[in-house]
Ligand SMILES: *[C@@H]1O[C@H](CO)[C@@H](O)[C@H](O)[C@H]1NC(C)=O
Ligand SMILES: *[C@@H]1O[C@H](CO)[C@@H](O)[C@H](O)[C@H]1NC(C)=O
Ligand SMILES: *[C@@H]1O[C@H](CO)[C@@H](O)[C@H](O)[C@H]1NC(C)=O
């Protein structure tokens, strides 16, 4: 009986692979690791070489709920909530530097015993991923950086110019402590509204994100 049930599970798994059945993002494995000044939550799933996806702001790991299961067919996909976001906590020392976030990513890799990974990073996540690659080049096999001007290309001048205030979020988050002291629900709703133009995110994806924003620890 045991063998038969093993066999049927095996055949079922084969059929799922053959049919390209996707995993349900909500069923992915979760872990939480306690670091010196922050508690980091991440999800992971899949088979094959590791692929670390680092989300931007104002987002969290749910950002990968559609693409994640597709990639997990061929990769072990790891999706953290970066410090201050999703189910990760705020930093006790208020350290949200790229360097600090980079150490969180390294801690996740260490926890999973991963010595080398592919990395894709978006927006704020680019700073963290770049820091990981600079500090631990041996840990990064290939890296793709999207939608984030790295320092050294004039961005610092742009954000200190009055033009920056045309984007409310740049101005808001430039005010020290404002986001932490603000009501998190308000902050999250403001941030999500940013995407509600129906152009950058579908209504289905938006309601998925809204339903699952936990607001337990992070800003969003
Ligand atoms: C996964 O690998 C298969 C076989 O190499 C390939 O046909 C498919 O396009 C890959 N899918 C993704 C999402 O990379
Ligand atoms: C933030 O964390 C980084 C990485 O651990 C560290 O190098 C830096 O000194 C910290 N900054 C502050 C202000 O604590
Ligand atoms: C990592 O390796 C250690 C030591 O071999 C092992 O105890 C641990 O279970 C491994 N962790 C994972 C997530 O595989």
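Each value in this text was obtained by applying a stated rule to the coordinates, not by laboratory testing. Remember, predicted model here, so these are calculated numbers, not experimental data. Glycine also receives a Cβ, built like all others from the backbone with ideal geometry; neighbour counts cover every protein chain displayed.
Results for (1) crowded, with 19+ Cβ neighbours inside 10 Å; (2) in a helix (DSSP H, G or I); (3) more than 14 Å from the chain's Cα centre (by Cα), shown as yes or no for each residue.
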residue	(1), (2), (3)
96	yes, no, yes
105	yes, yes, no
115	no, no, yes
119	yes, no, no
127	yes, yes, no
132	yes, yes, yes
When segment 102-126 is checked residue by residue, the ones that are touching a strand residue (DSSP E or B) at 6+ places or on another chain (Cβ under 8 Å) and within 14 Å of ligand 2 (Cβ to nearest atom) are 104, 105, 107
Within segment 27-67, which residues are more than 11 Å from the chain's Cα centre (by Cα), within 16 Å of ligand 1 (Cβ to nearest atom) and either part of a strand (DSSP E or B) or buried (at least 22 other Cβ atoms within 10 Å of the Cβ) (or both)? 45, 46, 50, 51
In segment 134-157, which residue that is away from ligand 1 (no atom under 16 Å from the Cβ) and assigned to a strand (DSSP E or B) is surrounded by the fewest Cβ atoms within 10 Å (Cβ to Cβ)? 146
If a residue must be in contact with a helix residue (DSSP H, G or I) (Cβ under 7 Å, 6 or more places away or on another chain) and within 16 Å of ligand 3 (Cβ to nearest atom), how many such residues does segment 83-120 contain? 6
